[in-house]
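*Asks:* Starting off with a structure, shown below.
The values are calculated or read from the model by the stated rules, or taken from the named source; none is laboratory data. A quick note: this is a predicted structure, and the numbers were derived from the prediction, not measured. Please note: Cβ atoms are built from the backbone with ideal geometry, for glycine as well, and neighbour counts cover all protein chains shown. All accessible areas refer to the heavy atoms of the entire protein, side chains included, with ligands and DNA or RNA removed. Shrake-Rupley method; radii C 1.70, N 1.55, O 1.52, S 1.80 Å.
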Amino acid sequence: MKLYKYIGLLGVAFLMGTAVGCSDDKDVVPLDKSEMAVENAAYNTLTFEWGRVDGARQYSYEFRRSDSEDIIEVGLTKDNKATFTGLDPDTEYTLTVLAYAAINSDNTTSEPIVLTARTSPLEPIEAPVLRWSREVNTVIISWDAVEGARTYEYSFVDADGNEIGTGTTFNTSVSFANMQDGKYTFNIVAQTIAGGRTDSDESSMTFEFKREREELWRIEGNYTSALLDKTWKATLVSYDDNSYTILNWYGVEGYDLEFTIDQSDANNMFHAGCEGVEYNYNSSTGTYSIPTGLSSPSTIGLKASGNQSAMTGNSGRGNVTLSVTDGSTSGTDRLEWGITINDFVGTWTLNFAGYDYFAYGAESDYDEFYTADVEVTLGSAANTLMVPMPNYYGYKGGTGTMVVDLDEMTFTMSPVEIGAFVISGYGLEDSNVTMTGTISMKKIVFNPIQLWWGEYYYISEDSYLNYTRE
């Protein structure tokens, strides 16, 4: 606790003078002064030590901040050392010491010994050393663990200062997915709770990122060459930047055809080549020269201007048409792939969950679940399927007519009766809402559905209906 100067050393000296005073008829001399030194200086601790004074019985001391007259501590000690804790870092303190003689000694109190000392400043812990790597279009930023660090606070921004991500982590890495082309800066501070240390200085790293195209899907189809009058199996790979690759396009390993579809140019959508791949192009004839890997023809002219070459379809079905020439003969090559409505006929596993609309996300006794193997058959109209609906509250599900768009791999279905209920597309107005969804060889997924009893709706939007098969 802080004392004040008027009860400091002067008060102690007065008391000691009374306790050790000598008789009036004896001449006394002051004790010698001693040298004093700082034995230890930490950020919150100072230890002072002084040489023992011959004839001294004990020592009094006064300790305070050098910039303040308030006394932090006064005391008496027979030791020649004093330690003070709980101090402020990087702060100067003053210690004054007096040596006292024994009673009836020929000596009296020494002159004051005064020393100033400063606590050490707080030192920051080591700053993290940053590095970055990538997994396709995901950036991974990492660093080695910093001794004394408990957490790491980071920020990640683009060249315009727009925030990509901020946060605090106990880990030594963070990742950011789906990165776009550009320059980015990552900043980080190691945070500590260790005594005597502060958070690290900020580490910063700036780097350029260039996206790699990511594969979306690949299919195998039949490639028919007009120039060779032959057909073989070929694989088409689709990427997320609207580029495509026909692997080994003329049947020779390592000789691929790369092309890009530019949806913004309706009259010239097809372009041979992609990022990092360019073909010789004759602007006067609008013809690309594409290597085949064959001895003859070793290259084929590919005409693309005015949509002479084109691609339609998706992962389900489609075709690529290529206007080609070897200089003497011209024709149209075709790569065709896809499925028919017959490919969906067979046994599927129906999965249904109807969650009580009025339970507001909580479990309810009115939640209904149904799973069964069902047979999907062909409908009477083109590209239609007859799909059994789930049972509900003891009522047997009816059969709906699913109209399939094989180009878009989507479907529609009109509302279907399930006993006294009607299953429809999701809504809260009426039951006359068409059901929609997506279809693939392995899964049929309905968009949100609703069940009605007359004008009353029953299930929430997180209910689901799907069909799966191996």
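*Asks:* Scan segment 177-190 for residues that are crowded, with 17+ Cβ neighbours inside 10 Å and either assigned to a strand (DSSP E or B) or without any contact (Cβ under 8 Å) to a residue 24 or more places away in the chain (or both) and jot them down.
*Replies:* As a first pass, look at segment 177-190 and keep what is crowded, with 17+ Cβ neighbours inside 10 Å: 179, 184, 186, 188-190.
Listed by number, the residues that qualify are Y184, F186, I188, V189, A190.
*Asks:* Specify the residue that is most open to solvent (accessible area, probe 1.4 Å); the eligible residues are those in segment 371-392 that are part of a strand (DSSP E or B) and in contact with a Gly (Cβ under 8 Å, 6 or more places away or on another chain).
*Replies:* Of all residues in segment 371-392, those part of a strand (DSSP E or B) come to 371-378, 384-388, 392.
Next, only the ones that are in contact with a Gly (Cβ under 8 Å, 6 or more places away or on another chain) stay: 375-376, 385-388, 392.
Details: E375: 102, V376: 1, L385: 0, M386: 53, V387: 0, P388: 28, Y392: 4 Å².
This residue is E375.
*Asks:* Can I ask one more? Kindly indicate whether D160 is open to solvent by 30 Å² or more (accessible area, probe 1.4 Å), in a loop (DSSP other than H, G, I, E, B) and closer than 30 Å to R211 by Cα.
*Replies:* Values: open to solvent by 30 Å² or more (accessible area, probe 1.4 Å): yes; in a loop (DSSP other than H, G, I, E, B): yes; closer than 30 Å to R211 by Cα: yes.
When the stated conditions are applied, D160 passes them.
*Asks:* Tell me which residues, restricted to segment 208-220, are touching a Ser or Thr at 6+ places or on another chain (Cβ under 8 Å) and part of a strand (DSSP E or B). Step through it out loud before you land on a result.
*Replies:* Applying the first criterion (touching a Ser or Thr at 6+ places or on another chain (Cβ under 8 Å)) to segment 208-220 yields 213, 215-220.
Across segment 208-220, the qualifying residues are E215, L216, W217, R218, I219, E220.
*Asks:* Follow-up question, since we're still on this one. Specify the residue that is most open to solvent (accessible area, probe 1.4 Å); the eligible residues are those in segment 336-353 that are in a strand (DSSP E or B) and modelled with pLDDT under 95.
*Replies:* Restricting to residues being in a strand (DSSP E or B) and modelled with pLDDT under 95, the top hit is E336.
*Asks:* Mind listing just one residue for me: the one in segment 136-157 that is among the aromatic types (F, W, Y) and within 11 Å of F186 (Cα to Cα) and, of those, surrounded by the most Cβ atoms within 10 Å (Cβ to Cβ)?
*Replies:* Restricting to residues being among the aromatic types (F, W, Y) and within 11 Å of F186 (Cα to Cα), the top hit is Y154.
*Asks:* Tally time: how many residues in segment 297-315 are loosely packed, with under 14 Cβ neighbours inside 10 Å and either in contact (Cβ under 8 Å) with a residue 12 or more places away in the chain or in a strand (DSSP E or B) (or both)?
*Replies:* Total satisfying the criteria: 2.
*Asks:* Also: Being surrounded by fewer than 16 Cβ atoms within 10 Å (Cβ to Cβ) and in contact with a helix residue (DSSP H, G or I) (Cβ under 6 Å, 6 or more places away or on another chain) is the filter here; which residues of segment 32-74 pass it?
*Replies:* E69
*Asks:* Sticking with this one: Can you give me the number of residues within segment 221-259 that are closer than 19 Å to S296 by Cβ, open to solvent by less than 50 Å² (accessible area, probe 1.4 Å) and in a strand (DSSP E or B)?
*Replies:* 4
*Asks:* Does L322 qualify as being modelled with pLDDT of 95 or more, in contact with a strand residue (DSSP E or B) (Cβ under 7 Å, 6 or more places away or on another chain), in a strand (DSSP E or B) and closer than 28 Å to K442 by Cα?
*Replies:* No; evaluated as a whole, the condition is false for this residue.
*Asks:* Output the number of residues of segment 71-95 satisfying the condition of being in a loop (DSSP other than H, G, I, E, B) and over 15 Å from S34 (Cα atoms). Give the steps one after another, and end with the answer.
*Replies:* Here is the first cut: in segment 71-95, the residues in a loop (DSSP other than H, G, I, E, B) are 78-80, 85-91.
If we keep only those that are over 15 Å from S34 (Cα atoms) as well, we get 85-91.
Residues flagged as in a loop (DSSP other than H, G, I, E, B) and over 15 Å from S34 (Cα atoms) within segment 71-95 amount to 7.
*Asks:* Which one of the conditions (1) over 30 Å from W50 (Cα atoms); (2) in contact (Cβ under 8 Å) with a residue 40 or more places away in the chain; (3) open to solvent by 30 Å² or more (accessible area, probe 1.4 Å) does P121 fail to meet, given that it meets all the rest?
*Replies:* (1)
*Asks:* Taking the options F446, F411, name whichever one is in contact with an Asp or Glu (Cβ under 9 Å, 6 or more places away or on another chain) and under 18 Å from V345 (Cα atoms).
*Replies:* F411
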